[in-house]
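The values are calculated or read from the model by the stated rules, or taken from the named source; none is laboratory data. Since we're looking at a predicted model, the values are computed, not measured. Here the Cβ positions follow ideal geometry from the backbone for every residue, glycine too, while neighbour counts run over all protein chains shown.
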């Protein structure tokens, strides 16, 4: 058995490892670990520590996939709810649907007993307004939020550069291969924006027969390429894990228009292999890794492409 997650999963990775050792199901163990990340104020791209949209409101996305049944649960642009990975899991287990968004997702959360959460840190609110205020005229400030937001989408988004996601992949010959994700999305995103994190085939995909993949950073690119599904399909077609990931990277590299930036790909296969690669992201990218026989999880460097 192995467990893989991005570096910002530090707050919950050990929790997932402990639960896997105790025999919990892979998805339950991963969602429990992600819940710790979602509650951690120091993680600025997920849950309570994340940054708000242009209107100063938090909207959360998450997804889970059972690689054995290929069932999926996903939620997007969810307000007032911090443990959205758990909510996505409940969508998968309780509803005939794959995805709920916005107020509908929040209604479902209430129906299953999840409380309304305070989701915006005071410091996040302060920074959000200070950044926004620099871009607005005195008249816009007076009229806010009843102003056009689209002209602000680049000027107040790019400087923050918070585009990470918490992604967990678990591969076990006995329990299958599964994936789970959670994010607060881009800082200062346009209200209602969904990234790849809740989109099966783009931000995550799992098939216990072949492998799984999950992506972080620029979801606009992986949605255009179907990156996670590309990797798993390539594994099905007989590619090695490294070659499958390279195929997905080549597709990303072929994009020449639209919003382009970096992507990190996390992937595992049914043979016990794993790959984490950094495509065009600045700085060193690392990931958490644990497998049977290891005393403690390890933080490892991603392969640079």
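For segment 28-38, the count of residues that are touching a residue at least 40 places away in the same chain (Cβ under 8 Å), at positive phi and touching a helix residue (DSSP H, G or I) at 6+ places or on another chain (Cβ under 7 Å) is zero.
For residues in segment 45-58 being in contact with a strand residue (DSSP E or B) (Cβ under 8 Å, 6 or more places away or on another chain) and closer than 9 Å to residue 185 by Cβ, which is surrounded by the fewest Cβ atoms within 10 Å (Cβ to Cβ)? Lay out the reasoning, then the answer.
Residues of segment 45-58 in contact with a strand residue (DSSP E or B) (Cβ under 8 Å, 6 or more places away or on another chain): 45-47, 50.
Subsequent filtering for residues that are closer than 9 Å to residue 185 by Cβ retains 45, 50.
On the way: 45: 24, 50: 27.
Filtering first and then ranking leaves 45.
Output the number of residues of segment 263-273 satisfying the condition of being within 18 Å of the chain's Cα centre (by Cα) and closer than 16 Å to residue 210 by Cα. Don't jump to the end; show me each part of the working.
Taking segment 263-273 as the starting set, the residues that turn out to be within 18 Å of the chain's Cα centre (by Cα) are 263-268.
Remaining after also requiring closer than 16 Å to residue 210 by Cα: 266-268.
Counting residues in segment 263-273 that are within 18 Å of the chain's Cα centre (by Cα) and closer than 16 Å to residue 210 by Cα gives 3.
For segment 183-195, indicate whether the set of residues that are within 15 Å of the chain's Cα centre (by Cα), outside any loop (DSSP other than H, G, I, E, B), at pLDDT 95 or above and surrounded by 23 or more Cβ atoms within 10 Å (Cβ to Cβ) is non-empty. Within segment 183-195, one or more residues are within 15 Å of the chain's Cα centre (by Cα), outside any loop (DSSP other than H, G, I, E, B), at pLDDT 95 or above and surrounded by 23 or more Cβ atoms within 10 Å (Cβ to Cβ).
Got a sec? Which helices (runs of 4 or more DSSP H) wholly within segment 207-305 have at least 1 residues that are without any contact (Cβ under 8 Å) to a residue 24 or more places away in the chain and touching a helix residue (DSSP H, G or I) at 6+ places or on another chain (Cβ under 9 Å)? Break it down into steps so the answer makes sense when it comes.
Details: elements: 219-225, 227-236, 241-253.
Correct list: 227-236, 241-253.
Determine whether segment 120-131 contains at least one residue that is touching a strand residue (DSSP E or B) at 6+ places or on another chain (Cβ under 7 Å) and at pLDDT 95 or above.
Just the residues of segment 120-131 that are touching a strand residue (DSSP E or B) at 6+ places or on another chain (Cβ under 7 Å), to begin with: none.
No.
For segment 1-27, the candidate set comprises residues that are touching a helix residue (DSSP H, G or I) at 6+ places or on another chain (Cβ under 7 Å) and surrounded by fewer than 21 Cβ atoms within 10 Å (Cβ to Cβ); within that set, the residue that is nearest to residue 195 (Cα to Cα) is 15. For segment 59-105, a residue qualifies if it is touching a strand residue (DSSP E or B) at 6+ places or on another chain (Cβ under 9 Å), closer than 19 Å to residue 189 by Cβ and in a loop (DSSP other than H, G, I, E, B), and the qualifying residues are 59, 79, 81, 82.
Of the numbered criteria (1) in contact with a strand residue (DSSP E or B) (Cβ under 9 Å, 6 or more places away or on another chain); (2) surrounded by 22 or more Cβ atoms within 10 Å (Cβ to Cβ); (3) modelled with pLDDT under 95, the one residue 206 fails is (3).
For segment 219-242, give me the residue count where each residue is within 18 Å of residue 303 (Cβ to Cβ) and surrounded by 15 or more Cβ atoms within 10 Å (Cβ to Cβ). Break it down stepwise before answering.
First, the residues of segment 219-242 that are within 18 Å of residue 303 (Cβ to Cβ): 222, 227-228, 230-231, 234-235, 239-242.
Imposing the further condition that a residue be surrounded by 15 or more Cβ atoms within 10 Å (Cβ to Cβ) reduces the set to 222, 227-228, 230-231, 234-235, 239, 241.
Looking only at that region, the number is 9.
Among all positions in segment 61-78, there is at least one residue which is crowded, with 24+ Cβ neighbours inside 10 Å and free of Cβ contacts under 8 Å to residues at least 60 places away in the same chain.
Has segment 106-114 got at least one residue that is at pLDDT below 95 and either in a helix (DSSP H, G or I) or buried (at least 22 other Cβ atoms within 10 Å of the Cβ) (or both)?
Start the filter on segment 106-114 by keeping residues that are at pLDDT below 95, which leaves none.
For segment 106-114, residues at pLDDT below 95 and either in a helix (DSSP H, G or I) or buried (at least 22 other Cβ atoms within 10 Å of the Cβ) (or both): absent.
Test residue 94 against the stated conditions and say whether it is under 30 Å from residue 207 (Cβ atoms) and either out of contact with any helix residue (DSSP H, G or I) (no Cβ under 7 Å at 6 or more places or on another chain) or surrounded by fewer than 24 Cβ atoms within 10 Å (Cβ to Cβ) (or both). So residue 94 fits the description; yes.
Please indicate, with yes or no, whether at least one residue in segment 133-146 is touching a helix residue (DSSP H, G or I) at 6+ places or on another chain (Cβ under 7 Å), surrounded by 13 or more Cβ atoms within 10 Å (Cβ to Cβ), modelled with pLDDT under 95 and not in a helix (DSSP H, G or I). The answer is no, given that none of the residues of segment 133-146 is touching a helix residue (DSSP H, G or I) at 6+ places or on another chain (Cβ under 7 Å), surrounded by 13 or more Cβ atoms within 10 Å (Cβ to Cβ), modelled with pLDDT under 95 and not in a helix (DSSP H, G or I).
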